[in-house]
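Written below as structure tokens is the structure these notes are about.
Any read-out appearing in this document is the output of simple, stated calculations on the displayed coordinates, not a laboratory observation. Every value quoted in this text rests on a predicted model; they were computed, and no experiment measured them. Cβ placement follows ideal geometry from the backbone for every residue including glycine, while neighbour counts extend to all protein chains displayed.
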């Protein structure tokens, strides 16, 4: 997509729909100027066969130097670096004095999930030691640097968004990019990852109404790595909060993921290589359901593997940034306007905006800029901002009736075409049937079979065409009804496009209480300790002891999660299966003989019956 | 929804199981208190604490079986869970017996059949329907169907036009700019 020049009207539109970002208590990083970060950063280069090299020391970097030093070298990764890891004493002192003390987790994430994810969480934490991660203390180092930036003088202080306006498919996509100096979700809020630098975005989609006025119609937010329909909400969605024309967005603590609703979210990280296991389990359940056992199987989930859930706190009880708020926006445009060019890093810097940690899974590496991804290609949200949120299949409101009329016209044309073909085919079929009837006496057996097959094929084709015409008729009726509703000003369900949107966890989960929190915190550790005691001191009762222990654990978990019914059912069915296997093994020969006898009797009865009749 | 006939049979079987177990437990208690005729009194000295625990558990299961049987016959929604619990316990005890080298194979057949029968979709749906029927309050008008909620889960409460907490004229503790406090402290 070519770089569009912005007009003052575009800038006014950006200003008109600026979002209000609501942060959590304890948040350490707020949207800052990417230019300020760049000017304070050092430029580094990583090559697979060499140590990282400092190309430009901190404080010496500007647009021109950045372009000059980032040469195209195969395998080289360029990255910016501002923060340095704080010492243990500094970390301790910072945590005592910082606003992190204002943040309370509430019922932790482990209390909201089952035993297995808690076990897997243990391995996830251990995996950080092996797969490379952001050094400990870096988050605190970055927070200290960020505070220094904010205390300093200069025009780049304050809270910033980086604006962009794109016209596509009848929409005006107003993109608000936010740059944060650090993502401290893991180290400060028990989340998935830490990384230096963080780019997030909110898009407001506006379009001209029937009077030619520009009106907002949709908005979309980046939340972790998702894309598609679930990222966007219609402007008239009753759940959306706005202050005038400014949408309100709740920002995840440390993760800076953007959410439409205040609350606590539970995004999940898939455990690698568990998809086949989950699929196998699903197949077993499908087979079980086919036997008439248990509940029928629902549709497959979008994420099939085993997941470790984390909590993303988007309570919105901290600083609010936006129009009319304690902190307001300053704008940096990512496109040229009048005499002012766009920052050159937008189009030319493909490196990372922060430390490259070397994480094998990539989650602890800094992100690339708003335009390019890590492979060097353009991000979808950059080159196709309307398609990124799945909006490319939805016309702007003012064009909806016209689009529907076009569709109705297409349906009418298709109906005419089908009617014509059906009439032709019916005539052919009748002729063929007459021909076959006339020649039936003279046909050989092969010719008769061939003619019959031709007739059947043609009949089948005719049936399909008639069925399609019936479908077209129904579609036409539905379109007509929809057109009436649209004309009456009813645009339909604002949430019809959603499949599995991010929603905050329910209030029931948040009421799990202190006892459940304590249990979830200590359960896995205590379980492991008791198992060790059993192995070491009571090996003779290891198997029954472990079974009883797991039973007690499952019972307590089921009590906390109100799933005692399901547990009793599951355990009873499992015991019945085991007992069946025991019986089958124990009585294999008699069962086999009984089976053979039954088959023999069946065959005997059938044959004798046939003989008699 | 019509009650499956098998549920009545299982109710009767549970009652029978409860009665038999009650009789056994009662006999043991009577033997312990020496209220039986002298020729029926058995020696209790060799009985271990584990066996006494087993007697206690059987007493509990006897009561649960009786209650479960009656509840199944009266079509109570919780009877399904209770019946599964009792049969699951019976199977667990039998499997423990197999692990110890005993051969309670015939005793295992009935609980297996009952569990698989209760777990069939038609039976579990029948009890599910009973649960829904009992959870509907009489004389309460049903709430209007919210089609928007139906497609996207529960709505988060919030005003779509004005959020009072964001109004800058109102001062609330949670409106304080956190970053500035942080900067002052450090």
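Annotations
- Once the Cβ-Cβ distance of residue A:401 and residue A:505 is raised to the sixth power relative to R0 = 35 Å, the FRET efficiency obtained is 0.30.
- Cα-only Debye scattering, the stretch A:507-590: base-10 log of I(q)/I(0) at q = 0.13, 0.15, 0.21 Å⁻¹: -0.61, -0.75, -1.05
- With the largest listed first and rounded to whole Å, the semi-axes of the equivalent ellipsoid of the stretch A:56-106 from the Cα gyration tensor are 37, 14, 11.
- Additional length obtainable on full extension of the chain from residue A:54 to residue A:586, 0.36 nm per residue less Cα span: 184.3 nm
- Helix-only CD estimate at 222 nm, as mean residue ellipticity for chain A, using -39500 (n - 2.57) per DSSP H run (n ≥ 4): -15000 deg cm²/dmol
- Shown for the stretch A:134-212 is the translational diffusion coefficient from the Stokes-Einstein equation, using the Kirkwood radius over Cα pairs, a temperature of 37 °C and a viscosity of 0.692 mPa s: 215 µm²/s.
- For A:520, B:22, B:54, the sequence from fewest to most other C-beta atoms within 10 Å is B:54, B:22, A:520.
- With the largest listed first and rounded to whole Å, the semi-axes of the equivalent ellipsoid of the stretch A:398-487 from the Cα gyration tensor are 43, 10, 8.
- Relative contact order (%) - chain A, alpha-carbon pairs under 8 angstrom, separation at least six: 18 percent
- Multiplying the residue separation of residue A:529 and residue A:47 by 0.36 nm and subtracting their alpha-carbon distance yields 169.0 nm.
- Its Cα gyration tensor gives chain A an equivalent ellipsoid. The semi-axes, each the square root of 5 times an eigenvalue, are 54, 43, 24 Å from largest down.
- For the stretch A:1-64, the Stokes-Einstein estimate of translational diffusion at 20 °C and a viscosity of 1.002 mPa s comes to 133 µm²/s, using the Kirkwood hydrodynamic radius over alpha-carbon pairs.
- What the Cβ-Cβ distance of residue A:481 and residue B:57 gives, at R0 = 56 Å and to the nearest 0.05, is a FRET efficiency of 0.30.
- Fully extended contour minus Cα-Cα distance, from residue A:277 to residue A:455, at 0.36 nm per residue: 59.2 nm
- Average other protein chain Cβ within 10 Å of Cβ, residues A:85-98: 1
- Residue exposure sequence - A:81, A:453 - by fewest surrounding Cβ within 10 Å: A:453, A:81
- Projecting label points 7 angstrom from Cα along Cα→Cβ for residue A:288 and residue A:596 puts them 3.4 nm apart.
- With one equal scatterer per alpha carbon and no solvent term, the Debye-computed log10 I(q)/I(0) for the stretch A:451-505 at 0.18, 0.27, 0.29 1/Å reads -0.77, -1.00, -1.04.
- Rounded FRET efficiency, nearest 0.05, which uses the C-beta distance separating residue A:496 from residue A:420 and R0 of 41 Å: 0.75
- In nm, spacing of pseudo-spin labels at residue A:84 and residue B:31 (7 Å Cα→C-beta vector): 8.3 nm
- Rounded D (µm²/s) - the stretch A:340-427, Kirkwood Rh over Cα pairs, Stokes-Einstein at 37 °C, 0.692 mPa s: 183 µm²/s
- The modelled label-to-label distance for the pair residue A:93/residue B:19, using points 7 Å beyond Cα in the direction of Cβ, is 8.3 nm.
- In terms of other Cβ atoms within 10 Å, A:260, A:538, B:116, A:443 run from fewest to most in the order A:538, A:443, B:116, A:260.
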